[in-house]
Amino acid sequence: MLVLVVDSSTPAVTAALAEVSADGVVLRASRCTVDARAHGELLAPQVDAVLADVGARPADLGAIVAGLGPGPFTGLRVGLVTAATMAQVLGVPTYGVCSLDGLGQPTAASHPAAASHPAAASHAAAAGELVLAASDARRREVYWAVYDGAGRRVAGPDVAAPAVVAERARDLAVTVAVGDGAQRYADVLGLPVRAEPRYPDPLALARLAAERIRAGVPGEALTPLYLRRPDAVAATGHKPVLR
């Protein structure tokens, strides 16, 4: 089955096509552009591009997988609205995956030689290893979660200042970090940081949804993980104009 994968939870705007079969999941095409201010302008053209890359049409899609965040309000909703709208038009199911899960999988974080910190070379992916996945949440905070060596989430997702996350990571005995948030605040976190993946891996997102896709599980509502209120809020009252 040909599956579209979209994620707009970070500055990376990602669209990909994955082939899900009984034998596994294969990434057939992928486009990723890092621009925190252009999610709305970039995602739809990238969806068109990955379809063109494999000579497919929207009608060839059997399902859509979307990163649910956490992420900033404006960017995140672009991906979720795009996924939900396409799914409704095409009559295909949607499946949501926590975007941080796309960072914390062992298949996406098992290359210590590519680390941005020399000490990371001593941290091979192992069953007992705990990995901190962190993305930039702006406001000098990060969205974070912790994963074991099998890619299971053991803490989070949550949002907090890097110093708070560093303390939590020490309590959990985390050994390595990954993600753009971890790279941005590496000095505060005090952990070796792998260079890749920096943003949610579309192949990992597809694999995390594959079991539901193969089983024909009914499509799910794509509920965003905002974790905090948006910057813009409705006015709660009116100032008097007459004295």
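Annotations for the structure displayed:
- Considering only VAL92, VAL159, VAL178, the Gaussian network model of the chain with Cα springs below 10 Å gives its largest mean-square fluctuation to VAL92.
- Normalised by 2.2 N^0.38 Å, where N is the number of residues, the alpha-carbon radius of gyration of the chain equals 1.06.
- With the helix formula -39500 (n - 2.57) applied to DSSP H stretches of n ≥ 4, the chain reaches a computed 222 nm mean residue ellipticity of -8500 deg cm²/dmol.
- Residue-normalised accessible area of the range 1-111, given per residue in Å² at a 1.4 Å probe: 39
- When only the Cβ of Lys, Arg, Asp and Glu is charged (+1, +1, -1, -1), the dipole of the range 148-200 relative to its Cα centre reaches about 100 debye.
- The stretch between VAL188 and LEU172 holds 4.1 nm of extra length on full extension. This uses 0.36 nm per residue minus the Cα-Cα distance.
- Portion, in percent, of the accessible area of the chain that falls on carbon or sulfur, probe 1.4 Å: 54
- The HN-Hα couplings worked out from phi for the range 207-212 by the Karplus form 6.51 cos²θ - 1.76 cosθ + 1.60 (θ = phi - 60°) are 5, 5, 9, 4, 4, 5 Hz, whole numbers, x standing for Gly and Pro.
- Separation between Cα centres of the range 69-103 and the range 14-47, rounded to whole Å: 12
- Computed lengthening from ARG228 to GLU41, 0.36 nm per intervening residue step minus Cα-Cα distance: 64.8 nm
- Summarising the strand pairing of the chain, around 70 percent of its internal DSSP beta bridges are antiparallel.
- Computed from backbone phi, the HN-Hα couplings of the range 213-220 come to 5, 4, 7, x, 4, x, x, 10 Hz, rounded to whole numbers (Karplus: 6.51 cos²θ - 1.76 cosθ + 1.60, θ = phi - 60°; Gly and Pro given as x).
- Gyration tensor over the Cα atoms of the range 1-92: the corresponding equivalent ellipsoid has semi-axes (square roots of 5 times the eigenvalues, largest first) of 21, 13, 12 Å.
- Along the axis of the charge dipole computed for the range 1-76 (Cβ charges of +1 for Lys and Arg, -1 for Asp and Glu, origin at the Cα centre), the listed residues LEU51, LEU27, PHE73 are led at the positive end by PHE73.
- As a ratio to 2.2 N^0.38 Å, the alpha-carbon radius of gyration for the range 121-194 is 0.97.
The values are calculated or read from the model by the stated rules, or taken from the named source; none is laboratory data. Source: prediction; values computed, not measured. As a convention, Cβ positions derive from the backbone with ideal geometry for all residues, glycine included, and neighbour counts pool all protein chains shown. What goes into the accessible areas is simple: the full protein's heavy atoms, side chains included, and nothing from ligands, DNA or RNA. Shrake-Rupley method; radii C 1.70, N 1.55, O 1.52, S 1.80 Å.
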